[in-house]
Amino acid sequence: MTELSKRTKAVHAGIRRSQYGEVAEAMYLTQGFVYETAEDAEARFIQSGDDEFIYARYGNPTVRMFEERIAALEGAEDGFACASGMAAVSGALMSMLRTGDHVVSSRALFGSCHYVLDEVLTRFGVEVTFVDGTDLAAWKAAIRPDTKAVFFESMSNPTLELVDIEAVSKLAHAVDAVVIVDNVFATPVFSDAIAQGADVVVYSATKHIDGQGRVLGGVILGTREFIRKTVEPYMKHTGGSMSPFNAWLLVKGLETMELRVRAQTFSAMRIADALSQNGALTSVIYPGLESHPQHDLAMSQMNAGGTIVAFDCGSKERAFKMLNALEIAVISNNLGDSKSIATPPATTTHQRLREEDRAELGITPGLIRFSVGLEDADDLISDLTAAIGVM
Ligand SMILES: *Cc1c(COP(=O)(O)O)cnc(C)c1O
């Protein structure tokens, strides 16, 4: 058979059927596993086989199904499932870095990613240089012969700036640095990050993979060598592993992810089009719009604009009026959910940043990050248009 498409893998990859031949993936809600004999226990601790488990912090059959399915979708050799997206981001970085190492990172980051790079890694003597992720010359200037890793969000939260995965990977690989991509906004559906040069891809499964706002989860994807030799020992001993219950929801979430994300992206394009004709807004940011400065890169890298639209209401006061007038979309801070979610990043997700850092990142007081859900696009456009009319 030819290489299966992502949609087929999303439904079938990684299945481990028990002796009962169940159709739906089983939830192995067990923390431990029984050994037939003392000799078996000893042998398993020396070297566990592919279908042998020890303790849920180390691995679990349901968690393994999730890891194998998402790895197959992403075209990665292996994966390690984590308790949250941040357990995955911090685990990918902390497991491979040591005191004295140098990391280059894009500046436009999710607040917690910024905390890990700027405050946690530096506390352990890792030097971190932040650059404008859209500026290849800045990456080139910052990457040094001793740089161990580069880190970036392929599409940044919340201002939807893209980093050219292929170009930055070439610069990083010239000095043997590991390329770690937080690919949440691209989603596994539009990701081709590994073929484009990424060595490690990290997802918050809380977002589009669950896509229904139920659980936290994350995953680190990479080569078998990196996952098993570097990531697994760190994660299983420090405790950021995924719970089997969450893995069960997420493995089923993967089955419908492509349909959901494509429907959300289709609506996002329609909403961005409608909003860009609304004179009451200061700006509309959506990579699918030709007005986006990196529209061409978005099309070549993801072949889509994604499920998030950002727009500027002009001031905090106007943004709050708009938010309070929404009737369908909810005010919250998740994204990728089936429910449309409006977030004011300056006062919520990015509140922790210094005001000048927010300004530099384009996170203005009136900015709204709008995560497009599964509602009817016309209803969402009416809701937004009416709310914008109130401000
Ligand atoms: C949400 C998010 C994370 C963190 O994920 P959690 O599951 O909330 O821990 C990391 N990076 C990006 C880009 C995100 O959007």
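The values are calculated or read from the model by the stated rules, or taken from the named source; none is laboratory data. As the structure is a prediction and not an experimental result, all values here were calculated from the model. Note: ideal-geometry Cβ built from the backbone for every residue, glycine included; neighbour counts use all protein chains shown. Heavy atoms of the whole protein, side chains included, go into the accessibility calculation; ligands, DNA and RNA do not. Shrake-Rupley method; radii C 1.70, N 1.55, O 1.52, S 1.80 Å.
Per residue, how much accessible area does region 258-388 show when a 1.4 Å probe rolls over the protein heavy atoms, in square angstrom?
Heavy-atom accessible area per residue stands at 44 Å².
For ARG16 and ILE46, calculate 0.36 nm times their separation in residues minus their Cα-Cα distance, and state this gained length in nm to one decimal.
Answer, rounded to one decimal: 8.5 nm.
How much length is gained if the chain between VAL120 and ASP357 is pulled fully straight, taking 0.36 nm per residue apart and subtracting their Cα-Cα distance, in nm to one decimal?
Stretched out fully, the VAL120 to ASP357 stretch lengthens by 83.5 nm.
About the Cα centre, and with charges only on the beta carbon of Lys, Arg (+1) and Asp, Glu (-1), how big is the dipole of the chain? Nearest 20 debye, please.
In debye, rounded to 20, the chain gives about 480.
Starting from a Cα-only point model with no solvent, please compute log10 I(q)/I(0) by Debye for region 37-151 at q = 0.22 1/Å.
So the normalised log intensities work out to -1.17.
Assuming a viscosity of 0.692 mPa s and a temperature of 37 °C, what translational diffusion coefficient in µm² per second does Stokes-Einstein assign to the chain, Rh being the Kirkwood radius over Cα pairs?
The estimated diffusion coefficient comes to 152 µm²/s.
Please report the orientation-averaged projected area of region 1-81, defined via the convex hull of its C-alpha atoms, in nm².
6.6
Could you work out the relative contact order of the chain? I mean the mean sequence separation of Cα pairs under 8 Å and 6+ apart, divided by the number of residues, in percent.
That works out to 17 percent.
Once Lys and Arg get +1 and Asp and Glu get -1 on their Cβ, which of GLY314, MET269, TYR286 lies farthest toward the positive end of the dipole of region 258-388?
The listed residue farthest towards the positive side: GLY314.
Any idea what angle helix 316-325 forms with the longest principal axis of the chain, computed on alpha-carbon atoms, 0 to 90 degrees, nearest 10?
The two axes meet at around 80 degrees.
Where the centroid of each part is defined by its Cα atoms, how far is region 331-391 from region 264-328 in Å?
9
Pull up the cross-link candidates among the lysines for LYS321, meaning alpha carbon to alpha carbon under 25 Å and not fewer than 8 places away within one chain.
Within the straight-line cut-off, LYS321 pairs with LYS339.
Given labels modelled 7 Å from the Cα in the Cβ direction, how far is it in nm from ALA195 to THR282?
Each label point is offset 7 Å from its Cα along the Cβ direction, giving 4.0 nm.
Given a 1.4 Å probe and every protein chain left where it sits, what share in percent of the accessible area of region 188-299 is carbon and sulfur?
Ligands and nucleic acids excluded, carbon and sulfur reach 55 percent.
Along the charge dipole of the chain, which of PRO365, ILE46, ALA193 sits closest to the positive end, that is, farthest toward it, with unit charges on the beta carbon of Lys, Arg, Asp and Glu (+1, +1, -1, -1)?
PRO365
Quick one: the Cα spread of region 258-388 along its three principal axes, in angstroms, biggest first?
Principal-axis extents of the Cα atoms in region 258-388, largest first: 36, 33, 28 Å.
Pulled fully out, how much extra length does the chain show between SER315 and SER338, if you take 0.36 nm times their separation in residues and subtract their Cα-Cα distance?
Full extension from SER315 to SER338 adds 5.5 nm.
So if we plug the beta-carbon distance of ARG7 and ASP379 into 1/(1 + (r/R0)^6) with R0 = 30 Å, what FRET efficiency do we get, rounded to 0.05?
0.65
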